[in-house]
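Read the structure below first, then the notes.
Read-outs: derived from the displayed coordinates by stated rules, not from any lab. Worth saying up front: this structure is predicted, and the values here are computed from it rather than measured. Neighbour counts are summed over all protein chains in view; Cβ atoms, including those assigned to glycine, are modelled from backbone coordinates with ideal geometry.
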Amino acid sequence: MTNRALLPFLIVLLAWCGVAAGLMMGNSQLELHLRINSALPQWADPIFRYGTHIADGYLTAVVALALLWRNWRSMLLVATASLLSSFMVQTLKRNVFEAHRPGYYIDRMPGLRVPDGVELMHHFSFPSGHSTAAFALCLSLALLINQRGWAIALAVFAVLLAGSRVWLSQHFTEDVVAGALLGVFCAWLMHVLLFGTWRNVAWLNKSPFRKRTNPF
């Protein structure tokens, strides 16, 4: 199913991934993290410290419930993309990769600045769950709104949410890139199913909050 939002969203995503890939190729994991950390302005720490919680999952739940006023199809896109991405990221990080977070290597990164009030986690780093959730939600919304401007804005917003995990030294760059790609895949897959394969399923177009009009 053709959607005007998909391409501009992907362009922003791929541009960001390209920059990240270039940085990762030119630096080791710890070197890159330390260089990024040293370049970050301290005045913005509170913004990212609190802003990162937007991707905790609570906003996704609120958005999904709100979309029930539209129809089941829209609600299920956000909900299933989130649940599928969450299941995949937890399976990968706990059973496949088991990578350590920046906090685990803090003694090997002298001068690392940790924003006030941030408690560093140490394990289950790859891929980033927050990044996965952010991109799954933002792409789902972009596909529902189906406008190029909104797609670009939501993609940039997802990049900032993913970047907050590196800013707070909760993840490495590769963690958030992998999480972003996973979240985009899950949102795209559920959109194909709900708006393509299952487009003729009538009840998906209904809302539990709308009363049926009596035809007689």
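Does the chain come out rounded, prolate or oblate, given a ≥ b ≥ c as the square roots of the eigenvalues of its C-alpha gyration tensor, rounded meaning a/c under 1.5 and, failing that, prolate meaning a/b above b/c?
prolate
In degrees from 0 to 90, rounded to the nearest 10, what is the angle of the helix 58-67 Cα long axis to the longest principal axis of the chain?
20
Applying a 10 Å radius around every beta-carbon, put 141-149, 74-82, 31-39 in order of their mean neighbour count, most first.
74-82, 141-149, 31-39
Please work out the Cα center distance from the range 97-122 to the range 161-182, rounded to the nearest Å.
13
With the calculation restricted to Cα positions, what are the radius of gyration and Dmax of the range 49-175 in angstrom?
Spelled out, the Cα radius of gyration and Dmax of the range 49-175 are 15.9, 52 Å.
Please state the relative contact order of the chain as a whole percent: Cα pairs under 8 Å, 6+ residues apart?
33
Note the angle between two axes, namely the Cα long axis of helix 148-167 and the longest principal axis of the Cα atoms of the chain, as a number of degrees from 0 to 90, rounded to the nearest 10.
30
For the range 17-100, take every pair of Cα atoms, bin their distances at 10 Å starting from 0, and report each bin as a whole percent.
14, 24, 36, 21, 5
Taking neighbour counts of Cβ atoms within 10 Å as a proxy for exposure, in what order, fewest first, do Ile106, Ile54 appear?
Ile106, Ile54
In vacuo Debye scattering of the range 148-216, one point per C-alpha: log10 I(q)/I(0) at q = 0.13, 0.23, 0.25, 0.29 Å⁻¹?
Once normalised to I(0) and log-transformed, intensities are -0.61, -1.01, -1.08, -1.19.
How far is helix 29-39 tilted off the main Cα axis of the chain, in degrees rounded to 10, range 0 to 90?
For 29-39 against the chain, the angle is about 90 degrees.
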